[in-house]
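Only one structure is covered here, and it is reproduced in the block below.
The values are calculated or read from the model by the stated rules, or taken from the named source; none is laboratory data. Only a predicted model underlies this, so the values are computations on that prediction, with no experimental measurement involved. Glycine gets a Cβ as well: all are built from the backbone with ideal geometry, and neighbour counts include every protein chain shown. Accessible surface is based on the protein model in full, side chains and every heavy atom, while ligands, DNA and RNA are left aside. Shrake-Rupley method; radii C 1.70, N 1.55, O 1.52, S 1.80 Å.
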Amino acid sequence: MSLPHNKKILFGISGGIAAYKAPELLRGWVKMGCEVETIMTKAAEEFVSPMVLSTLSKRRVWREGDFLSAEYGWKIPHISLTEWADIFVIAPCTANALRVCAQGDGSTLLGAALLANRRPLLLFPAMNCNMLENGAVQENIRIIKERGAVVVDPDRGALACGYEGKGRLPSVEVVNDYVMRELCPKKDFAGLHVVVTAGPTHEYIDPVRFISNPSSGRMGYAIAQAAWRRGARVTLVTGPSALRRPAGIDIIDVTSADEMYEICMALAEKADIIVKAAAVGDYRCALRAEEKIKRGSSPGLTLELVQNRDIAAELGKRKRPGQILVGFAAETRNVIENAQKKMAEKNLDIIVSNDVLAPGAGFAVDTNIITIIERGGDRIHFSGSKDESAERLLDLVAARVKR
């Protein structure tokens, strides 16, 4: 999902090696239709050229001593920039930038802007792992968080200094996940725990072969990310998937339908909303071979299959008053009728049905054509990207939440 269009981002860059990612961040935001104003510290200029950032943003770059603009003397930059912005992002945020923020040091333009700022503040610390663990740095992070800013944990990995540990600036995709969350205009899932299942399951025949389906997990991941952006605490229970791991979400990996069943039952007790978007295998082998089945003299192979436990049906039986249960029905014929039957049998509040044979819908594509059916019979037909489908579904779910 792209950033909301026409948003204004105030981008602070402090002097760490991770500043090399700043042009990629800025270029991406501009490409998405955002306006970006940039403030650099003097140290940041040692790592990335202001000319590069100015060329990408089509705006001047504000530097450490630019407390007053020669062109617009009546505009005080550290005031006007923060009033202009929708969000203030600092990436990378060095140990010194954290100190400036925590202590209210207004001796530089970045520090003065932080003092004047009344917009959502999003900081991405990046530094040597020993520096990050230092008590003074941790105390500054604690103070900043208490004041309402979002401080995103760095990634672990190889650091430029040669150390291995926590301190890397997250990827551009992860930075954008958090920026999108802060810019999301809806926070109607705040305080709610949403459990989403996604992806296929693998039912193994032997150690190297399994029965599965073409699900990529794209729809479930889109729902999980949309709920997180809208303020929820999200747990994503995912079958095998090659999709990028979404930021900010608790992720539990499973392989088989049985594993997914056990996890879902454990989570259901405290979940406010459960969205069953996974393409769970209905059958598994009665006996799984311990060794690889070799080609033999027989021209065929007969497998005895048994039914897996029905996760949605069991969740429907256990559903608490006020808990919302959403299911999916991937059908090839009698799409609406089969979905309505499934909703009634499994005690669902909402079901999303689609014809997986229709072009532009179903498995392993980025678009979907769905009918959302609510308990009581109301229906909404929708076609668009899976991100847009997720938002439309969550609008209906939000309307059912009882506060």
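Descriptive notes on the structure:
- In summary, residue 298 fulfils each of the numbered conditions (1) under 35 Å from the mean Cα position of the chain (by Cα); (2) open to solvent by less than 100 Å² (accessible area, probe 1.4 Å) with the single exception of condition (1).
- Filtered by the rule that a residue be under 20 Å from residue 282 (Cα atoms), within 14 Å of the chain's Cα centre (by Cα) and open to solvent by less than 10 Å² (accessible area, probe 1.4 Å), the range 198-249 gives 198, 217, 220, 237, 238.
- Leading residue by the ranking (farthest from residue 201 (Cα to Cα)) among those in the range 232-259 that are touching a residue at least 40 places away in the same chain (Cβ under 8 Å) and of a type in the set (Gly, Ala, Ser): 232
- Scan the range 1-55 for residues that are in a helix (DSSP H, G or I), over 30 Å from residue 367 (Cα atoms) and either touching a Cys at 6+ places or on another chain (Cβ under 6 Å) or not small (Gly, Ala, Ser) (or both) and the total you get is 11.
- Scanning the range 107-119 for residues that are in contact (Cβ under 8 Å) with a residue 12 or more places away in the chain and either surrounded by fewer than 19 Cβ atoms within 10 Å (Cβ to Cβ) or under 23 Å from residue 176 (Cα atoms) (or both) turns up 110, 113, 114, 115, 116, 117, 118, 119.
- All conditions in (1) open to solvent by 20 Å² or more (accessible area, probe 1.4 Å); (2) farther than 15 Å from residue 193 by Cβ; (3) outside any loop (DSSP other than H, G, I, E, B) hold for residue 267, with the sole exception of (2).
- Taking residues in the range 182-198 that are in contact (Cβ under 8 Å) with a residue 12 or more places away in the chain, and partners anywhere that are in a loop (DSSP other than H, G, I, E, B) and of a type in the set (Asp, Glu), the pairs with Cβ atoms closer than 9 Å and at least 6 places apart or on different chains are 182/86; 183/86; 189/272; 191/272; 192/272; 193/272; 194/272; 195/272.
- Failed condition for residue 122, given (1) buried (at least 16 other Cβ atoms within 10 Å of the Cβ); (2) among the hydrophobic types (A, V, I, L, M, F, W, C); (3) in contact with a Gly (Cβ under 6 Å, 6 or more places away or on another chain): (3)
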